[in-house]
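J.: Got a structure for you, written out below as structure tokens; questions coming shortly.
The values are calculated or read from the model by the stated rules, or taken from the named source; none is laboratory data. Everything numeric here is computed off the predicted structure, so don't read it as measured data. Counting neighbours? That spans all protein chains shown, and the Cβs are built from the backbone with ideal geometry, glycine included. What goes into the accessible areas is simple: the full protein's heavy atoms, side chains included, and nothing from ligands, DNA or RNA. Shrake-Rupley method; radii C 1.70, N 1.55, O 1.52, S 1.80 Å.
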Amino acid sequence: MKLGRVVGTVVATVKAPGLTSYKILVVAPFDAGAGSSADSVDGSFVAIDLAGAGDGDVVLTCAGSAARVMAGAESAPTDAAVVAVVDTVQLGSRTAYQKT
């Protein structure tokens, strides 16, 4: 699993049947040590939203077969899924991220 920040959405009027009930998000890698996302969209990826995330949220994502398993019975054709919206990231005694 990886941390990311939602930086956008994808709108698709025509989708594979397994994707019809999912919002599709653009997620940028999140550096917990720096407490920020990458400065550019390099490394960004799309993920289906299983957790109700919104723009700017720090999220936990899973990829590969784990993302398909999390999508459940609909068998969504996906490589990545948002599985949690993060409230806090603690690194030792330091709070690296706190949702406002």
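J.: If Lys and Arg each add +1 and Asp and Glu each add -1, what is the summed charge of the other residues whose beta carbon sits under 13 Å from the beta carbon of Ala66?
T.: Values: positive: Lys2, Arg68; negative: Asp79.
Counting the neighbours of Ala66, the net charge comes to +1.
J.: Hey, another quick one. What accessible area per residue, rounded to a whole number of Å², is obtained for the chain using a probe radius of 1.4 Å?
T.: Working: 5630 Å² over 100 residues.
The answer is 56 Å² per residue.
J.: Kirkwood Rh over Cα pairs of the chain into Stokes-Einstein at 37 °C, 0.692 mPa s: D in µm²/s?
T.: Details: Rh = 13.8 Å.
In µm²/s, the coefficient is 237.
J.: Along the Cα→Cβ direction, 7 angstrom out, place labels at Gln90 and Ala16. What is the inter-label distance in nm?
T.: Once both label points are built, they end up 3.9 nm from each other.
J.: Rounded to the nearest 20 Debye, what is the dipole magnitude of the chain about its Cα centre when Lys and Arg each give +1 and Asp and Glu each give -1 at the C-beta? Please report the intermediate quantities before stating the final value.
T.: Working: 7 positive and 9 negative charges, 30 e Å.
Using only the charged Cβ atoms, the result is roughly 140 debye.
J.: Can you send over the carbon and sulfur percentage of the accessible area for the chain, probe radius 1.4 Å, protein chains only?
T.: On the way: 3110 of 5630 Å².
Heavy-atom surface of the chain belonging to carbon and sulfur, 1.4 Å probe: 55 percent.
J.: Which order do the peptides 45-56, 12-23 come out in when sorted by mean C-beta neighbours inside 10 angstrom, highest first? Intermediate results must be reported in sequence, preceding the final value.
T.: Numbers: 45-56: 17.2, 12-23: 12.1.
Taking the mean over residues of other Cβ atoms within 10 Å, the ranking is 45-56, 12-23.
J.: For Tyr97, enumerate residues with amide H under 5 Å from its amide H, sequence gap 5+ or separate chain, H modeled in the peptide plane.
T.: Val89
J.: Additional query: Identify all lysines with a Cα-Cα distance to Lys99 below 23 Å; exclude those on the same chain that are fewer than 8 residues away in sequence.
T.: Hits, sequence-local ones excluded: Lys2, Lys23.
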